[in-house]
Amino acid sequence: MSAIRGLENGSQDDPEPKPLRELPIESIGPQNGSLAWLPTPASIEAKPFPIFGTSDFDLILRRELPTRYIAHIKACLVHGQSTATLTCGSEGAVHWAALPELLLGQQPGNYAAFFEAAGDRWKFSNRPDLKPTARLNRGVLVGTRYSFNYFHFVTDLLPRLLIADEQHPGDTSPLLVPPVAPQLIELLRLFAPNRTIMLMAPDDLVHVDDLVVPSSAAFSPDHFERAKEAVFDAPYLRALRPRLSSLYAPPRGETGKIVFIRRTDVDLGNGLRHRNIVNQEEVALHLQRLGAIVVQPETMTMAAQIALFRQADVVVGMAGAGLTNAVFCRPGTALVLLCQDRIVNPEYFAFMADALELHYAIVACEPVLGSSGHPAHLSIKVTLDDLDRAMSWAKALHGP
């Protein structure tokens, strides 16, 4: 049985920084662990979908998938915030870069900031002496550098847990999870009730004698010009459905809801507003007249979110984490995405909709130029006529 052993304060004992070599995790050998590549579809593909409003999209409905794997790393150090994996052996300290996106030379976001160059090596800035704060016999790392994001938590972290369960049936080793919101821990406890969850603090460096590292077929590039390469393991969303569906079954007569996901207003200062709907109140009132419920999922418990979205026939929302709740929807639910009419990649959510057997359409909206420093994160203004046509499409799917 795995157990967390005593904390250490090693920085006083050995203040000398340890230079790190960087190696891709695919090169790990018997001295440090093992890696097994797993069967993976070559690509994912989405069906064409209706677009309401004028648009200038460059849709790519088929994307290649990176190969799934499961690795074991011996005597591994796991960093709480970034989930970086490090080892210290007779050949020196190593940073094991999980493929394909964590090579430090590419400056991966939410990750590279914890390292600094030291000649032809690297130094781990957060704890340069690489002394652990806790020890564990065995654990499963299911976190990523984007675990704090609800969408990535569900589409990448939960499939990693499924992969670990498939490869090691009956294993109840603790799950090592980076800092995330309480609702995500609630979901993880519902999803894996027989697992102990070790929620790491941001500055933790946990030494694990045998660390299991499952990896799904996901890739999240940092630069918007590579956005067309972004994928998640959509086939595993089908495998998630039975476990997620078992968490709540709506009583008879409690379906048919229209749900509008209200987007939280994010003011970046200097007049910039991150991916907002500038006429959101007008949109909300318009949809309420059609019978919609207006919700902000981040203010709800996971149990309440699961119950509500299992009852929905139609879900309307702007591209963002709130639409992740589509994983709880019943097959046949209509998903209506609101997004700007250029640059962005609405097919990304189409992969999820197809995997979950949902109907999918988008309302292409005029972007508010200058509202964000990122061209794909501009705020939008929704044209109600286009929204009405999308709602008529969704209503027709479920009959009069």
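The values are calculated or read from the model by the stated rules, or taken from the named source; none is laboratory data. Worth saying up front: this structure is predicted, and the values here are computed from it rather than measured. Note that each Cβ is placed from the backbone with ideal geometry, even for glycine, and that neighbours are counted across all protein chains shown.
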Residues Ala350, Ala326: which one is more than 23 Å from Leu247 (Cα to Cα) and touching a strand residue (DSSP E or B) at 6+ places or on another chain (Cβ under 6 Å)? Ala350
Region 311-323 residues that are polar (S, T, N, Q), paired with ones that are at pLDDT below 95 (beta carbon under 6 Å, 6 or more apart): Gln311/Pro250; Gln311/Glu254; Gln311/Thr255; Gln311/Lys257
Enumerated strands (runs of 3 or more DSSP E) restricted to region 34-85, each holding at least 1 residues that are exposed (fewer than 15 other Cβ atoms within 10 Å of the Cβ) and hydroxyl-bearing (Ser, Thr, Tyr): 43-45
Which listed residue is of a type in the set (Lys, Arg) and within 17 Å of the chain's Cα centre (by Cα), from Arg121, Arg145: Arg145
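What about Ile185, is it within 30 Å of Pro30 (Cα to Cα) and in a helix (DSSP H, G or I)? Outline the logic, then answer.
Values: within 30 Å of Pro30 (Cα to Cα): no; in a helix (DSSP H, G or I): yes.
No; evaluated as a whole, the condition is false for this residue.
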Going through region 362-400 one residue at a time, which ones are within 22 Å of the chain's Cα centre (by Cα) and modelled with pLDDT of 95 or more? Ile362
